[in-house]
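Reviewing the structure listed below.
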Amino acid sequence: MTKPSIKDEISKLVQLQNIDVKIFALSKEKIECPKILDAIVSEFESKKMMLKSLEDSKQKSILKQKDKEGELAGKEEAVKKAQGQMSLLKTNKEYQAKLTEIEGFKADMSLIEEDILKLMDVIDAAKKEIESEKNNLVNEEKKFNEKKNIYNNRIKEIDGQIVDLTGKRKILTDSVDKMILKQYEHILHGKDGLALVKVKDNSCFGCHMTVPHQVVNEIKMYDRLITCGICARILYLEEDVNL
């Protein structure tokens, strides 16, 4: 069996690495897209909940107003009843006591009316705030749908790009020596998509650590694959690669 030309194989691996860098980047972006979409949905839902909270608060104020109006009606009925009893009283003391009772009812009515007026102001302010929030929500929903469409379209675009790159990758891997490809892919998946890096100015472009001169000389011999002693990635010299 003819021994593969290491320099030729590295040239293929450089092309393969360029494809894999794109695939890994696209795959990572695809993973992040649903998270971003979830955040967008969550943000929009919180704005909808804010509107619901305002509406619930307004409804509570309306119910309080109705309770107060019922309470006021009760006091008005008590005043009428007390006034109707006035003609039946026989002594001045009883008469004065009934007047005091009526004045007490009227004082209570005055306080209740104040509470009703305050609640009416609260309800009017709530209606204005709700109307404003509804208008804002229409705009927010438009922005939400635009953002959602952007990310959904981006996911489709990513899928298409990955399919295209995977096809090109298959053609390329078919031409790479099987043992060399196995070593490359083993490193690739353990190093976040970066298995092959160049050496420049005696520095590894994977871990940015210094590569000894002896190792650089071993790379130049191209009789086997040379890996970085620190990050274990395959090393090559850019000037020696034919693309």
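Only the coordinates and a few stated rules stand behind these numbers; no lab work does. Remember, predicted model here, so these are calculated numbers, not experimental data. Glycine gets a Cβ as well: all are built from the backbone with ideal geometry, and neighbour counts include every protein chain shown.
Things to note:
- The calculated 222 nm mean residue ellipticity attributable to helices in the chain amounts to -28000 deg cm²/dmol, summing -39500 (n - 2.57) over DSSP H runs of n ≥ 4 and dividing by all residues.
- Within region 111-150: backbone nitrogen closer than 20 Å to the LYS48 label point (7 Å, Cα to C-beta): 130-150
- Residue with peak Gaussian network fluctuation, the chain [Cα springs, cutoff 10 Å], from ASN217, ASN149, ASN136: ASN217
- Sites LEU63 and SER110, calculated FRET efficiency, Cβ-Cβ separation with R0 35 Å, nearest 0.05: 0.95
- Taking a point 7 Å from the Cα of MET120 along the Cα-to-Cβ direction, the residues of region 59-102 with backbone N closer than 13 Å to it are 65-66, 69.
- Length-normalised contact order for region 97-213 - Cα pairs under 8 Å, 6+ apart - percent: 7 percent
- For THR227, the amide hydrogen comes within under 5 Å of the amide hydrogens of LEU235, counting only partners 5 or more places away or on other chains and with H modelled in the peptide plane.
- Using 0.36 nm per residue and subtracting the Cα-Cα separation, the extra length available between GLU103 and ILE130 on full extension is 5.7 nm.
- With θ taken as phi - 60° and the Karplus curve 6.51 cos²θ - 1.76 cosθ + 1.60 applied, the whole-hertz 3J(HN,Hα) list for region 189-199 is 6, x, 10, 6, x, 10, 9, 10, 9, 7, 10 Hz, x standing for glycine and proline.
- Other-chain or far-sequence residues with amide H under 5 Å of SER203's (modelled H): VAL211
- Summed side-chain charge close to ILE19 - residues other than ILE19 whose Cβ falls under 12 Å, Lys, Arg +1, Asp, Glu -1: +3
- Counting Lys and Arg as +1 and Asp and Glu as -1 over every other residue whose Cβ lies under 13 Å from the Cβ of GLU140, the net charge comes to +2.
- Cα centre as origin, Lys/Arg/Asp/Glu Cβ charges: the chain dipole, Debye: 480 debye
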